[in-house]
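Here is the structure we will look at.
The values are calculated or read from the model by the stated rules, or taken from the named source; none is laboratory data. From a predicted model like this one, the values you see are computed outputs, not experimental measurements. Please note: Cβ atoms are built from the backbone with ideal geometry, for glycine as well, and neighbour counts cover all protein chains shown.
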């Protein structure tokens, strides 16, 4: 959007006429008309006196294209009538000029000029010819000489007309200097025009403004444009350029006003419309930066009314609509921008992100490919392609895309993190950890990578190892400092004590989770949500899931039927979520995620509730001391455990495990017969993620299969959608002595019913270690498939043991690898036992404490009440201690007062001022450290991070 560089040739305008106020009556109007007619007649009489009537007639004919008729008219006219020889030459020159015969016209004008006292029309004619040929200096001299001769002859109207042409040629001369790079000479020329001819210097003022803008003198440029308007109020382009100046000065409102004035003068002025559209686009972005999305969207749409081809307005409208969660409008805006500018890579990338968020992976993939085709070195769509391929199990395609992303942008931290996730999902945990470290190296506060690293440790290290424990605790300390100080502590009141018990108020229990859809956590969260005692407990679910499905609706229904409330909070920041929880007066807050995807641990750091608990979602400590308790059981975490936690362990009493399973209603209604009865061989199976199948696990499985001739392995994993990963696993097993024909590598099934039906092909499930299965174990048992598990020294290792003991299947729990192999091979050789176990296993599960939602929830509620009462008692003791201190202070103050009265005749008792200076200093220190270390990075609209 640049300034207009107008040439004087286009600036020839009539002299500015004085504006006469409209008459108040018809007589005045007629008098004014008569005066104007008389003035015109007088001017025409003067012209005829100078040129003669025949001259004027010939000129009119020549200008209308009848050049020959004009010359014939002059030929029939006497030389005397034309003002002599010089008059004839001048008249013929004008006719020839109008006919385009410039050489002949020049000769006539030159002859008419004679000496300096020649005809003024001839000098002006020479000026016109020089002006038209670009000889502006010569044109200026000729116009000036013609003007001066008109004045000498007393022809003031003609002299004023000559001033107009002189100003135009002189201005063009200045523009020529500017084009040659001599800005100073150009400025001097424009100023000279203005000094000598201020009444007809509109173009000079205008071009002076253009040059001043290029010199960076914006204030002076604005003044020049306004002087141009003062001379010629119809000059729309000057208002347009004032708008440019204001935009350069970031005075957007004034720029908009200037452009609007421009368009009032010239509604179809294309550059003015485009410039107004662009400045409105910038103004919309300012609104968006101030979080005024509605104003931003309205401003972008107004910008498009002035220029429907403004691609940037469409793009920014898409961004604003996406942030406002108006995804349909956002997609329309992006796709319109893409049609107008097909090679706009950012448009296709952002449209792809929206389609991905809405579950249309196919269209997202198409748009990411378009973005990469537009710009092969654009890291974001390469990363986003990698994410899509990772989620669909196309590991090789994912790795290719992600590696290209970090090749074109080695510091692209998000892509390094996503490489880590991909390698984890394909079982390459050590290299995944390397990728996470690389991410953190480029982005020290990347929350995803650090938490993914902690999660990865559980796959390849035992939870009781010192490295694992210290890594979690260190992360928690640092994270708490970065999030900042908690909300103001809640103080207990009289009605808090005994909440959740008969005769007292309800205990408010909040659950925070991003997994309230068809996700592993949801099958264990369902039990309390549908079984809470509505007379004693008020549950509030803070659903921060981005997805909704039938499971979401089931959980919501359970919550409302239990007298609770459901909050959809996916768009809230962690701080906003904390305020929401505090405003709901939640007593006990339970987070269900730990260090897994989309957690809200930052909310827990802010301590919106007095009692905070972690449960279900993660097999290790959060590392946060703001979460005071962790719910577990005596099998997963026995009293003698060497695994350390920053939380206090709270164990559910026997016979309950720390979990209660609710089967998915989409599961097959019946259990099939054991496949070994019909195929003649035993099939071992595992539906756990590839990340849990370590080299040690593969070795042990191989021992079992070698000890069970003819047996097969049915291994289902998302990673097997990639042939490269499939072949890699087969090669690894072949190295252990198991031929590839004995192994079925099966990719993920999207539908829950299809996924569970695949257990029809498995006789015995083999659990993983040191990270055992949880949901997969429960699903296997529900489908009648017994699970062989191995106990260990940490929570993750013992989950299978806890689940099996709860349903009375201790015989499938091994205490060491040898027992694990022995139990599996022994069961594999007894097909009758397999069949009998399969036929009774679902019923055994459903009637065990593992599925006793009511009994489990009563025990869970007892824990909530106990922990809540513990907090109330702590508050009471703190209040008593504070009261004792206050009494001691008052006694001491009374003693001091008595001493004062004894020593001073008019003693007075001073007031006691309590303060929270210690706390304030602590918070100030935390804030300073927070500012020094920076914020955790957040997800961008145009990128995806796993």
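A few points about this structure:
- With respect to the conditions (1) at negative phi; (2) surrounded by fewer than 17 Cβ atoms within 10 Å (Cβ to Cβ), residue 238 lacks only one, and its number is (2).
- Test result for residue 453, modelled with pLDDT of 95 or more, out of contact with any strand residue (DSSP E or B) (no Cβ under 8 Å at 6 or more places or on another chain) and either closer than 30 Å to residue 658 by Cα or in the same structural domain as residue 610 (by TED's automatic domain parsing) (or both): yes
- Among the residues listed as 675, 663, 610, 709, the single one being surrounded by fewer than 20 Cβ atoms within 10 Å (Cβ to Cβ), on the phi < 0 side of the Ramachandran plot and touching a residue at least 24 places away in the same chain (Cβ under 8 Å): 663
- Subset of the range 122-135 (residues that are crowded, with 24+ Cβ neighbours inside 10 Å and under 12 Å from residue 165 (Cβ atoms)): 123, 124, 125, 126, 127, 131
- Take the conditions (1) more than 17 Å from residue 278 (Cβ to Cβ); (2) crowded, with 23+ Cβ neighbours inside 10 Å; residue 324 misses just one of them, which is (2).
- Meets criteria (touching a helix residue (DSSP H, G or I) at 6+ places or on another chain (Cβ under 8 Å), surrounded by fewer than 21 Cβ atoms within 10 Å (Cβ to Cβ) and in a helix (DSSP H, G or I)) for residue 471: yes
- The range 535-554, subset touching a strand residue (DSSP E or B) at 6+ places or on another chain (Cβ under 7 Å) and farther than 27 Å from residue 324 by Cβ, residue surrounded by the fewest Cβ atoms within 10 Å (Cβ to Cβ): 536
- All positions within the range 697-722 that are over 43 Å from the mean Cα position of the chain (by Cα) and in a helix (DSSP H, G or I): 699, 700, 701, 702, 703, 704, 705, 706
- Residue 275 vs. criteria touching a residue at least 40 places away in the same chain (Cβ under 8 Å), under 19 Å from residue 308 (Cα atoms), surrounded by 21 or more Cβ atoms within 10 Å (Cβ to Cβ) and not assigned by TED's automatic domain parsing to the domain that holds residue 162: yes
- Criterion: surrounded by 18 or more Cβ atoms within 10 Å (Cβ to Cβ), part of a helix (DSSP H, G or I), in contact with a strand residue (DSSP E or B) (Cβ under 8 Å, 6 or more places away or on another chain) and modelled with pLDDT of 95 or more - qualifying residue of 560, 577: 577
- Within the range 714-740, restricting attention to residues that are farther than 16 Å from residue 394 by Cβ and in contact (Cβ under 8 Å) with a residue 40 or more places away in the chain, the residue that is surrounded by the most Cβ atoms within 10 Å (Cβ to Cβ) is 716.
- Of all residues in the range 156-173 being in contact with a helix residue (DSSP H, G or I) (Cβ under 6 Å, 6 or more places away or on another chain) and more than 23 Å from residue 205 (Cα to Cα), the one that is surrounded by the most Cβ atoms within 10 Å (Cβ to Cβ): 158
- Residue that is outside the structural domain of residue 721 (by TED's automatic domain parsing) and either in contact with a strand residue (DSSP E or B) (Cβ under 6 Å, 6 or more places away or on another chain) or modelled with pLDDT of 95 or more (or both), where the choices are 384, 360: 384
- Restricting the search to helices (runs of 4 or more DSSP H) fully inside the range 291-362 and requiring at least 1 residues that are closer than 19 Å to residue 385 by Cα gives 327-340, 345-357.
- Test: residue 268 is without any contact (Cβ under 8 Å) to a residue 60 or more places away in the chain and surrounded by fewer than 18 Cβ atoms within 10 Å (Cβ to Cβ): yes
- When residue 495 is tested against the conditions (1) at pLDDT 95 or above; (2) over 29 Å from the mean Cα position of the chain (by Cα); (3) in a helix (DSSP H, G or I), the lone failure is (1).
- Against the list (1) in contact (Cβ under 8 Å) with a residue 24 or more places away in the chain; (2) farther than 15 Å from residue 510 by Cβ, the condition residue 557 fails is (1).
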